[in-house]
Amino acid sequence: MTSPTRITVATAAPGPEVPRRIFGTFVEHMGRCVYDGIFEPGHPMADAAGFRGDVLELVRELGATVVRYPGGNFVSGYRWEDGIGPRDERPVRLDAAWHSTETNQVGLHEFAAWAEQAGLEVMEAVNLGTRGVAEAAALLEYTNHAGGTTLSEQRRRNGRAEPFGIRLWCLGNEMDGPWQIGHKTADEYGRLAAETARLMRFVDPDVELVAAGSSNHEMPTFGEWERTVLRHTAGLVDHISVHAYYEEKPGDPASFLASGVGLDRYLSEVAGIIDEVRAERGIENPIGISVDEWNVWNQTRWNEVDKPAVFTGDWPIAPRLIEDDYTVTDAVVVGSLLITMLRRADRVSMANLAQLVNVIAPIRTEPGGAAWRQTTFFPFQLTAAAASGRVVVPAVDAPAVETSQYGAVPAVDTVATVDGDALTLFVVHRGLDASTAVSVELDRDAVDADAVVLTVPDGGDRHTVNSTADQPVAPTSLPVAVRGRTLTVTLPPISWARVSVRLAPGTNRETS
């Protein structure tokens, strides 16, 4: 047993509202995310449009709010016109981003209809790699203009009488990356993004626009890229993106479990740059941080082993790409990253778990077969279902864990949301080999409390995964003792928990 942890929650403390868009996700035309993922005509559970009903039900259960589409790297070579009109007349093209063949059987109309069924707000990305200002404005007119123009009437002939009404738009994707089709310097991209934003606002003043930030924190241009892009676009965009992926390096599980510390520092640096440029340019309107790609991903294996094998030979349709099998440890890290983003809700305006199905995803499928929940499904689903009201950042007194990447970090991290008399604590224990007793001190009496925990299952280990035939990892109940204003709970090593508390009515009292 490690040293005990004390968490103190001031339920009346001011805090930002929970940004519901923080529970977004991502569907890219990549691998088996779309084809053999959400869309599989001929599957026993496919509907008349070819979309799998079992996958749709899992997406609804996941509780996501936003979906970014259609990429990702894919969008930088995509012609949106290929995905509209009669399916049997749509062109088949090479997708250079993922060395695949794109059939265009799913496009804007089909995907928007599916997203509506799933209860997801579409976040559309425009191609600023091989295309530019005019094509982005044309897509927006086709999508959102009511009628009476060539493009809007074309949409109506294609079966959508009313506008799609898409509000969220990404201005390209990872344009700082040399792997990106149409890769640009910060000045080149910043100028293009500004001109695109300006014209898109002429077409539809109500759009929300996301400028592309750095592809990751380790990019050699990170920081200066954000400054340059924002100097071009501040006053024209509403958000700037952050992409953040984390993986366990050999022999260093402690740093992996502390990935939330790395994300927190990343967000702080971007927030500082935003403030710097806003002050420099005299911009009053806030600029949010859109973490529009984040997840656990074994990038080393992808770049060094899988990618060289995939990017040779034939151009398959919907190949198996980065279908990582997620472990208990991965799920705990996903939960910890959600804690970090909720804690930074004053700056994080939205976030998208990348991706939704098959490709580094919480949901997996087999062609003609089952769909199932990966381990990472659960912390996302449990957080999205319960986080509401205001975000409150508790004070934490916890033992330290030594990490090679981040130094000494608290073994326990937490964030809370308060909605009336409902308090929800999200807690991660980063310790590898011992439980920790947690005491939660409140400023109001608690009527009752319950908790669920995601941790190593009985008879398993921290590398346990869920598969189509075996589902050993799932949330389980965790005992919580309630005594007045004090809750006590014991967290196992490598665990993530959601503690739901019903507070007694009445005024807050000073915490002893």
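The values are calculated or read from the model by the stated rules, or taken from the named source; none is laboratory data. These figures come from a predicted structure and were not determined experimentally. Cβ: placed from backbone, ideal geometry, glycine included. Neighbour counts: every protein chain shown. These area figures cover heavy atoms from the full protein model, side chains too; ligands, DNA and RNA do not enter into them. Shrake-Rupley method; radii C 1.70, N 1.55, O 1.52, S 1.80 Å.
For the range 423-451 and the range 68-106, what is the separation of their C-alpha centers, rounded to whole Å?
Result: 47 Å between the Cα centres.
Would you mind getting the accessible area per residue of the chain, heavy atoms of the protein chains only, 1.4 Å probe, in Å²?
Accessible surface, normalised per residue, equals 37 Å².
Once both labels are modelled 7 Å past Cα along the beta-carbon direction, what's the A395-S3 spacing in nm?
Result for the modelled spin labels: 1.7 nm.
Excluding A351 itself, what net charge comes from residues whose Cβ is under 12 Å from its Cβ, given Lys and Arg +1 and Asp and Glu -1?
+3
Tell me, in nm to one decimal, what length is gained between N158 and R231 on full extension, where the rule is 0.36 nm per residue of separation less the Cα-Cα distance?
Length difference between fully extended and current span is 22.3 nm.
Please report the projected area of the range 224-294's Cα convex hull averaged over all directions, in nm².
Mean projected area of the Cα convex hull: 5.1 nm².
How large a share of the accessible area of the range 72-129, in percent, is made up of carbon and sulfur atoms when the probe is 1.4 Å and the other protein chains stay in place?
Carbon and sulfur atoms account for 49 percent of the accessible area of the range 72-129.
On full extension of the chain, what length is gained from F202 through E218, given 0.36 nm per residue of separation minus the C-alpha to C-alpha distance?
Full extension from F202 to E218 adds 2.2 nm.
At a Förster radius of 35 Å, what calculated FRET efficiency corresponds to the Cβ-Cβ distance of E284 and H183, to the nearest 0.05?
Efficiency for this residue pair is about 0.60.
Kyte-Doolittle cut-off 0.5, length cut-off 20 Å along the helix's own axis using Cα: show which whole DSSP H helices in the chain pass.
328-343
Rg/Rh for the range 286-363: what does it come to with C-alpha atoms and Rh from Kirkwood?
1.07
How far, in nm, would the chain grow between D448 and D470 when pulled straight, counting 0.36 nm per residue and subtracting the alpha carbon separation?
Residue separation times 0.36 nm, minus the Cα-Cα distance, leaves 4.5 nm.
When the C-alpha atoms of the range 137-252 are aligned to their principal axes, what extent does each axis show, in angstrom, from largest down?
Taking the Cα atoms of the range 137-252, the three principal extents are 59, 33, 23 Å.
Compute the Rg to Rh ratio over the range 41-165 from the alpha carbon atoms, using the Kirkwood formula for Rh, and round to two decimal places.
Rg/Rh for the range 41-165 comes to 0.96.
Place a point 7 Å from Cα of D88 in the direction of its Cβ. Which residues in the range 99-117 have their backbone N less than 17 Å from it?
Once the point is set 7 Å along Cα→Cβ of D88, 104-106 turn out to lie under 17 Å by backbone N, inside the range 99-117.
For the range 175-330, what size does the Cα cloud have along each of its three principal axes, sorted from largest down, in whole Å?
The principal-axis extents, from largest down, are 47, 40, 28 Å.
On average over all directions, what projected area in square nanometres does the range 133-198 have, based on the convex hull of its Cα atoms?
Mean projected area for the range 133-198: 5.2 nm², to one decimal.
Summarise the accessible area of the range 349-402 (1.4 Å probe, protein heavy atoms) by the percent that is carbon and sulfur.
The computed percentage sits at 49.
Within the range 177-215, whose backbone N sits under 14 Å from a point 7 Å along Cα→Cβ of R167?
Within reach of a label on R167, which here means backbone N under 14 Å from a point 7 Å along Cα→Cβ, the range 177-215 contributes 205-210.
Any idea how far the Cα center of the range 308-344 sits from the one of the range 142-161, in Å?
Their Cα centres are 37 Å away from one another.
May I have the extent of the alpha carbons of the range 432-512 along their three principal axes, as whole Å values ordered from largest to smallest?
Cα extents, longest axis first: 51, 25, 13 Å.
When the label point is put 7 Å from the Cα of D252 along its Cα-to-beta-carbon vector, which residues of the range 261-296 have a backbone N closer than 14 Å?
261-263
So what's the back-of-envelope 222 nm ellipticity for the chain, counting only DSSP H runs of four-plus at -39500 (n - 2.57) apiece and dividing by all residues, rounded to 500?
Theoretical 222 nm ellipticity from helices: -7500 deg cm²/dmol.
At what distance in nm do the modelled label points of D346 and I317 sit from each other, each positioned 7 Å from its Cα along Cα→Cβ?
So the label points at D346 and I317 sit 5.2 nm apart.
Between the DSSP loop rule and a limit of at most 10 other Cβ atoms within 10 Å, which GluC sites (Glu not before Pro) in the range 130-207 are left?
Passing sites in the range 130-207 do not exist.
Rounded to the nearest 5, what is the percent of antiparallel bridges among the DSSP beta bridges in the chain?
So the antiparallel bridges in the chain amount to around 60 percent.
log₁₀ I(q)/I(0) of the range 304-438 at q = 0.10, 0.22 Å⁻¹, via Debye over equal Cα point scatterers, no solvent, to two decimals?
Log-scaled intensity ratios, in q order: -0.46, -1.37.
Relative contact order of the range 126-208: what whole-number percent is it, with Cα pairs under 8 angstrom and at least 6 residues apart?
Result for the range 126-208 is 40 percent.
Determine by what factor the alpha-carbon radius of gyration of the chain differs from 2.2 N^0.38 Å, reporting the quotient.
Its radius of gyration relative to the 2.2 N^0.38 Å reference: 0.98.
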